[in-house]
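A short write-up of the structure that comes next.
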Amino acid sequence: MTPRGTFRLGLVVLVAALAVYPAVGTGYGVRAVLQIFMWIALAASWNLISGLTGYVSFGHVAFFGAGAYTGAILITRAGWSWPTAALAGGLAACVVALVIGYPCLRLKGPYFAIAMLGLNEVLRALVSYFEGLTGGGNGISLPTLEATVPVYYAMGLAAAAVTLLTYLVITSRFGLRLMTIREDEVAAEAMGIDTARHKLYAFLLSAAGPGIVGALAARDQGYIEPISVFPLATTITMIVMVLFGGKGTVWGPVLGAVVLFVSQELVWARFPYLHQLLFGSIIVAVVLLMPRGVLGVLQQRYHLPRTI
Amino acid sequence: MARPVLEVERLCKSFGGVAAVDRVSLALEPGRIYGLIGPNGSGKTTLFNCITGIERRDVGSTRFNGVRIDGLKPYEIARQGIGRTFQLIRVFPELTALENLLVVTRGSLAGAEARALELLRFVKLDGLKHEYAGNLSYGQQKLVEFVRVLMRDPSLILLDEPAAGVNRTLLNDLLEAVRRLRDDGKTVLLVEHDMKVVMGLCETVFVLDHGEKIAEGPPGVIQADERVIEAYFGR
């Protein structure tokens, strides 16, 4: 069997195993895998804009928060079912991305990163301010509903969808054009590539996933408040996962999400104070020793395609 | 005189009070090879950047096939049919040689791939098509950049020091390629320091000094022009 065939077979087996897992797994296990799905969707989404175009977003959790609030409001105020509310959360995040992306994507390098950081703070301040709609600092409590297993499947679908999207983008000419923006934006323009439009498309694609999983997480947790859905730490975790796994690759964000989430859980359970230290050490080690991440290093060394 | 492909009229561009390009006018006719020479810092690259929209001109106009293009974005100008290379190589280092060519195309990917392979064969890089462009030698990267320009089939090609760093054998192929482009009716404007290349290739040469055009004419006349000699060697 070819390596590719083996890989595909393994993937099918893995998906099947994950599909039946809620029937056999413990409550803790199902919740843990649900979280891993969420992190895969978040990290892979960040990879779409920052890993491919090189525009580092330091406020990507803003889309997660926008989706969470949209979903929570539609569920509590308008009585929407949570799956439709989740899709609306993705749409809302795209609208935010469209409004903010148009001016912000003209900024280069650190200025874009800081602008995104600012966006997150602005959104958090806005939801705190409009108390009538969002409950302000009191947050929103969603009606009680035991939906862990359906949300598990929805999160899994979101993770798979963003990963598939990444594969389709990376293997397309559109994806190559996004990479030229990272490599040399001036040369890309001089070669006839409309970089502004491409950046905006990538930004929209990268906002949809966080918006959807934001709304799913709101449904899952049953309660949201400004601090819980707009934390800078979530953005940083997405970034570290992608950098660890390998930015600009298909499976790098998946690997990063799985490895970091699992190691965090293990360390956190045993050494509550050490886990921050461990996380910080991983960031430093990755940046210093392998700025391309695990799969990035393998890709360069063995001439593998980006679809790893 | 045929209708000019490119007309630059009284173009000015200054950086913080220093005029990098100062009231430069020139007209390029189709199917000819033009040279642009001048001492370091005389404004050659700035003029290229203004024509291709990478720098915005302060005053003056640029017309391409009679239509004004100054004020357009670089990608819009490129799509009109102007291609360029850069003085310092600007390939996409983490894309393969083949991808560097494919990425700039539009329309059918299969057609683009056939054309890309043909061009890579032409510069003898087909064996390295899956190599990252950043891993190629300086001269090879230069060739990738050159054929990348051809992928979009531009009618006007601006080459910024195409000969620098390319070995003799390849250079002859490159010059032959430029002549063939001319024979196909394309117009080429090249900045070059290698006078042998300029004199052997160009039909008309423009000379810039301190941002101003100080001379224009056939290579033989330019070589004997007193102002040109003065600009290069001093009085």
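Miscellaneous remarks
- Residues satisfying the stated conditions in the stretch B:36-54, i.e. under 11 Å from the mean Cα position of the chain (by Cα) and either within 14 Å of chain A (Cβ to nearest Cβ) or surrounded by fewer than 24 Cβ atoms within 10 Å (Cβ to Cβ) (or both): B:Thr45, B:Phe48, B:Asn49, B:Ile51, B:Thr52
- Residues that are touching a strand residue (DSSP E or B) at 6+ places or on another chain (Cβ under 9 Å) and either among the polar types (S, T, N, Q) or within 30 Å of B:Val198 (Cβ to Cβ) (or both) number at least 3 in the following helices (runs of 4 or more DSSP H) confined to the stretch B:70-161: B:74-80, B:138-151.
- The residue of the stretch B:118-156 that is farthest from the chain's Cα centre (by Cα), among those that are loosely packed, with under 15 Cβ neighbours inside 10 Å and under 23 Å from A:Ile193 (Cα atoms), is B:His130.
- Of all residues making up the stretch A:1-30, the number that are surrounded by 15 or more Cβ atoms within 10 Å (Cβ to Cβ) and either modelled with pLDDT of 95 or more or assigned to a helix (DSSP H, G or I) (or both): 4
- Here is the figure for the stretch B:60-84: residues that are among the acidic types (Asp, Glu) and either out of contact with any Gly (no Cβ under 8 Å at 6 or more places or on another chain) or within 14 Å of chain A (Cβ to nearest Cβ) (or both) total 1.
- Scanning the stretch A:150-192 for residues that are in contact with a Gly (Cβ under 7 Å, 6 or more places away or on another chain), among the β-branched types (Val, Ile, Thr) and either within 14 Å of chain B (Cβ to nearest Cβ) or closer than 22 Å to B:Asn100 by Cβ (or both) turns up A:Val169, A:Ile181.
- Any chance A:Ser228 is modelled with pLDDT under 90, surrounded by fewer than 22 Cβ atoms within 10 Å (Cβ to Cβ) and in a helix (DSSP H, G or I): no
- Filtering the stretch A:68-112 to residues that are of a type in the set (Phe, Trp, Tyr), surrounded by fewer than 21 Cβ atoms within 10 Å (Cβ to Cβ) and without any contact (Cβ under 8 Å) to a residue 60 or more places away in the chain leaves A:Trp80, A:Tyr111.
- B:Leu181 without any contact (Cβ under 8 Å) to a residue 40 or more places away in the chain, within 14 Å of the chain's Cα centre (by Cα) and in a helix (DSSP H, G or I): yes
- Every residue from the stretch B:90-130 that is within 16 Å of A:Ala187 (Cα to Cα) and facing another protein chain (nearest Cβ under 9 Å): B:Arg90, B:Val91, B:Phe92, B:Pro93, B:Glu94, B:Leu95, B:Glu99, B:Asn100, B:Leu102, B:Val103, B:Val104, B:Thr105
- Filter pass, B:Pro30 being in a loop (DSSP other than H, G, I, E, B) and either under 19 Å from B:Val5 (Cα atoms) or away from chain A (no Cβ under 14 Å) (or both): yes
- Hits in the stretch A:193-218 (condition: more than 13 Å from the chain's Cα centre (by Cα) and among the aromatic types (Phe, Trp, Tyr)): A:Tyr201
- Residues satisfying the stated conditions in the stretch A:49-93, i.e. more than 17 Å from the chain's Cα centre (by Cα) and assigned to a loop (DSSP other than H, G, I, E, B): A:Ala78, A:Gly79, A:Trp80, A:Ser81
- Count of the stretch A:225-279 residues which are touching a residue at least 12 places away in the same chain (Cβ under 8 Å) and among the aromatic types (Phe, Trp, Tyr): 5
- Selected residue (criterion: surrounded by the fewest Cβ atoms within 10 Å (Cβ to Cβ)) from residues of the stretch A:193-213 that are among the hydroxyl-bearing types (Ser, Thr, Tyr) and more than 10 Å from chain B (Cβ to nearest Cβ): A:Tyr201
- Of the set (1) within 25 Å of A:Ala233 (Cα to Cα); (2) among the aliphatic types (A, V, I, L, M); (3) modelled with pLDDT of 95 or more, all apply to A:Val127 but (3).
The values are calculated or read from the model by the stated rules, or taken from the named source; none is laboratory data. Remember, it's a predicted structure, so these values are computed and weren't measured experimentally. FYI the Cβ positions are ideal-geometry reconstructions off the backbone, even for glycines, and counts take in every protein chain you see.
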